[in-house]
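I have placed the structure first, in the form of structure tokens, so that the comments after it can refer back to it.
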């Protein structure tokens, strides 16, 4: 019998295909007592949170934002640039005050009682903010001192962080000469050096190569397995699928919150994938096919929204017949699993329709 442990889940989870990843996360929720006991014990609660930077600007950066984030999970705040992700994270980390509403983090009101909160969170901003002229080891020593890590604990903790972030062999290298991925790992190590209960990361994988990006998510999975609550913002929909829960943010408003599976299952349509040439004719045929609700290009293929009332097979056969009749070269025509990108596109389209 295969035993799911914290270590082997953390080491292997994020290199699985997205659907297997989500299935294993669901399994962990069911069998891991720590998740079950703390799911309703919220690390973060916001009520009607708003931030207006200028009275002249009628559009607030965040608008009436209310959400609850359980403990010991990887929570994703997902949305495009300008959605309000950074503003939200700055308020949650007590770096910025809201214009109205409240944010309660770890039992502390970020407006009324920020000092004890700051001692218990790790915050990693989007831009590299460490000292480039100091070595990896010197940066870790500096942040350990700033965060008042006890002298008897500091050497062991720094060694742990170097090992944990795979930076042991680079500890004497100046931070400014590190690659983009290594800089992110060092910033993560500095944010974790004082053993916070909550880790807040603002787009940690932006500007990082694919291999380093994957390694970073492996590390984040390990952090969560240690019981730390991780809140991460990202514009990438594939990263949204790696989170236990996500909130989609657009124009300062939360569009939807839930697990990736929950949000995908709520889609009011199924997806067909089509790739054929010539592409102009392919698009014309899709436009003329009865039952296709909408479509969008992804590379040189199309993703078609079709009703989830059992009509997808009929629409697929109708498309096949028309494509063959017009002698198109069909490379791909099949039902496919909806993605988080499909969810986001649908939510944004709905929001615009209601605006």
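Every number in this text was worked out from the coordinates using simple rules, so none of it is lab data. What you see is a predicted model; the values in this text were computed from it and never measured. We place every Cβ from the backbone using ideal geometry, glycine too, and count neighbours over all the protein chains shown.
A few points about this structure:
- Counted by neighbouring Cβ atoms within 10 Å, the residues 218, 224 run from fewest to most as 218, 224.
- Percent of beta bridges antiparallel (DSSP, the stretch 6-262, rounded to nearest 5): 50 percent
- Look at the alpha carbon pairs under 8 Å that are at least 6 residues apart: their mean separation over the length of the stretch 6-262 gives a relative contact order of 29 percent.
- Residues 88, 46 in ascending order of nearby Cβ atoms (within 10 Å, fewest first): 46, 88.
- Every helix of 4 or more DSSP H residues in the chain counts as -39500 (n - 2.57), and over all residues that averages to -11500 deg cm²/dmol at 222 nm.
- When 217, 295 are sorted by how many other C-beta atoms sit within 10 angstrom of their C-beta, beginning with the fewest, the order is 295, 217.
- For the stretch 85-235, share of DSSP beta bridges that run antiparallel, in % to the nearest 5: 25 percent
- With respect to the chain, whose longest principal axis is taken over its alpha-carbon atoms, helix 154-164 is tilted by about 20°.
- Comparing mean-square fluctuations of 85, 151, 184 from a GNM of the chain with C-alpha springs under 10 Å, the top value falls on 151.
- Top of 262, 160, 152 by mean-square fluctuation, Gaussian network on the chain, Cα under 10 Å: 152
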